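Heads up, the thing below is written out as structure tokens.
The values are calculated or read from the model by the stated rules, or taken from the named source; none is laboratory data. Keep in mind the model is a prediction, meaning the values are calculated, not measured. Reconstructed Cβ throughout: ideal geometry from the backbone, glycine too, with neighbour counts over all protein chains shown.
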Amino acid sequence: QKEVEQNSGPLSVPEGAIASLNCTYSDRGSQSFFWYRQYSGKSPELIMFIYSNGDKEDGRFTAQLNKASQYVSLLIRDSQPSDSATYLCAVNIGNDYKLSFGAGTTVTVRA
Amino acid sequence: DAGITQSPRHKVTETGTPVTLRCHQTENHRYMYWYRQDPGHGLRLIHYSYGVKDTDKGEVSDGYSVSRSKTEDFLLTLESATSSQTSVYFCAISESSYQETQYFGPGTRLLVL
């Protein structure tokens, strides 16, 4: 079993819709969770991090964490064509500064 | 953007030759990482460093070695390049603990013929 798994894509959504991305992780000791966005041919850039159960909102992005169920999700509201990218979920491994990344979910926003 | 540069940005080499990739940071961050990214695999950790001369292996370290003689530089060496090491290599840095975000460099595209 992979340490971090993301829902397979690609995910295609119309402009203005909500894109929902899911990520599950295997290590119950993980405490830090990150979402990165990666445009084609570019390096990953941080969108959000979340440490506590519940929701965290930043503009059009909302991260949701449920440690009991070992999943973290990212919602993109009012999706824009500029949101078309691959989204990577990353989880720290136990009480450690190393991150394990999911394979990514590619999102395409249709104008 | 975090002050991270990687060199070279692109490289083509032949099987069996040694290759060294450089990561340079101006942030004075303690932790540095080398990842490779391949289709379907996401980012996989090769080696990481938690201080000058302090390094350790990641999940895909075979065929790679690293060195860190200064805080700002982290070198990745492919001892004898193979075609399976064709990939995009990213360097990342973070300041301290597990709650700290990792920031990525621009990447190096390596093609081993």
- Within the stretch A:23-43, is even one residue in contact with a Phe, Trp or Tyr (Cβ under 7 Å, 6 or more places away or on another chain), closer than 21 Å to residue B:103 by Cα, part of a loop (DSSP other than H, G, I, E, B) and not small (Gly, Ala, Ser)? yes
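Just checking, which of A:90, A:17, A:111, A:85 is of a type in the set (Gly, Ala, Ser), touching a residue at least 40 places away in the same chain (Cβ under 8 Å) and under 26 Å from residue B:48 (Cα atoms)?
The match here is A:90.
Taking the stated definitions as given, is residue A:5 within 14 Å of another protein chain (Cβ to nearest Cβ) and not in a loop (DSSP other than H, G, I, E, B)? Give the steps one after another, and end with the answer.
Details: within 14 Å of another protein chain (Cβ to nearest Cβ): yes; not in a loop (DSSP other than H, G, I, E, B): yes.
Spelling it out, residue A:5 is indeed within 14 Å of another protein chain (Cβ to nearest Cβ) and not in a loop (DSSP other than H, G, I, E, B).
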- Message: Based on this model, can you work out whether residue A:49 counts as surrounded by 20 or more Cβ atoms within 10 Å (Cβ to Cβ), of a type outside the set (Ser, Thr, Tyr), in a strand (DSSP E or B) and within 10 Å of another protein chain (Cβ to nearest Cβ)?
- Response: no
- Among the residues of the stretch B:94-106, is there at least one that is β-branched (Val, Ile, Thr) and outside any loop (DSSP other than H, G, I, E, B)? no
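From the list B:57, B:53, exactly one residue is more than 10 Å from chain A (Cβ to nearest Cβ) and surrounded by 13 or more Cβ atoms within 10 Å (Cβ to Cβ). Which is it?
Working: B:53 fails: surrounded by 13 or more Cβ atoms within 10 Å (Cβ to Cβ).
The conditions single out B:57.
At pLDDT 95 or above and of a type outside the set (A, V, I, L, M, F, W, C): which single residue out of A:38, A:1, A:31 fits that description? Full working, then the answer.
Values: A:1 fails: at pLDDT 95 or above; A:31 fails: at pLDDT 95 or above.
It is A:38.
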- Filter the stretch A:67-99 down to the residues that are among the hydroxyl-bearing types (Ser, Thr, Tyr), more than 8 Å from chain B (Cβ to nearest Cβ) and surrounded by 15 or more Cβ atoms within 10 Å (Cβ to Cβ), then identify the one that is nearest to residue B:50 (Cα to Cα). A:87
